[in-house]
1. Using alpha carbons only, how many degrees (0 to 90, rounded to 10) separate the axis of helix 69-83 from the longest principal axis of the chain?
2. Cα convex hull of the chain: mean projected area in nm², to one decimal?
3. Could you sort the peptides 50-59, 24-33, 10-19 by per-residue average Cβ neighbour count (10 Å cutoff), highest mean leading?
4. Tell me which of 67, 55, 44 sits at the most positive position along the dipole axis of the range 1-74, charges placed on C-beta atoms (Lys, Arg +1; Asp, Glu -1).
5. For the range 41-88, state the semi-axes of the equivalent ellipsoid (square roots of 5 times the eigenvalues of the alpha-carbon gyration tensor), sorted largest first and rounded to whole angstrom.
6. Treat each spin label as a single point 7 Å out from the Cα along the C-beta direction, and report the residue 11 to residue 34 distance in nm.
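What follows is calculated from the coordinates using simple rules that are stated; it is not laboratory data. Quick caveat, the model's predicted, so the values are computed rather than measured. Cβ placement follows ideal geometry from the backbone for every residue including glycine, while neighbour counts extend to all protein chains displayed.
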Amino acid sequence: MSPLPPETFKLWVSEDGDVTFVYDDDVADALAPLGQARTVRAGHVEPLDRGGWGVKLETGQTAGPFPTRREGLAAEARLLDANMGVYL
């Protein structure tokens with residue numbers, strides 16, 4: 001039986017049929033029957049020297065500081081969602 005993906009996630013499907021999404025193990029497992037996957041880094045969340053957590057997308061866009069890593073990860077997900085067209 002296939003694992004169930006998170007309750008809410010977005011998929012971007014190109015005209016060629018390529019599927020892009022913010023990585024999640026459950027979503028990746030659920031989509032595995034579609035074929036070979038390619039994973040690329042789109043951003044990261046790291047501790048900042050001045051305190052807190054910062055987000056940096058591979059496009060150079062940054063956000064933060066955030067008081068917790070959890071808030072940084074949430075901000076990274078929002079930024080990726082808003083900018084996904086850059087990665088397609």
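1. 60
2. Average of the hull's projected areas for the chain equals 6.6 nm².
3. 50-59, 24-33, 10-19
4. 67
5. After scaling each eigenvalue by five and taking roots: 19, 10, 7 Å.
6. 0.5
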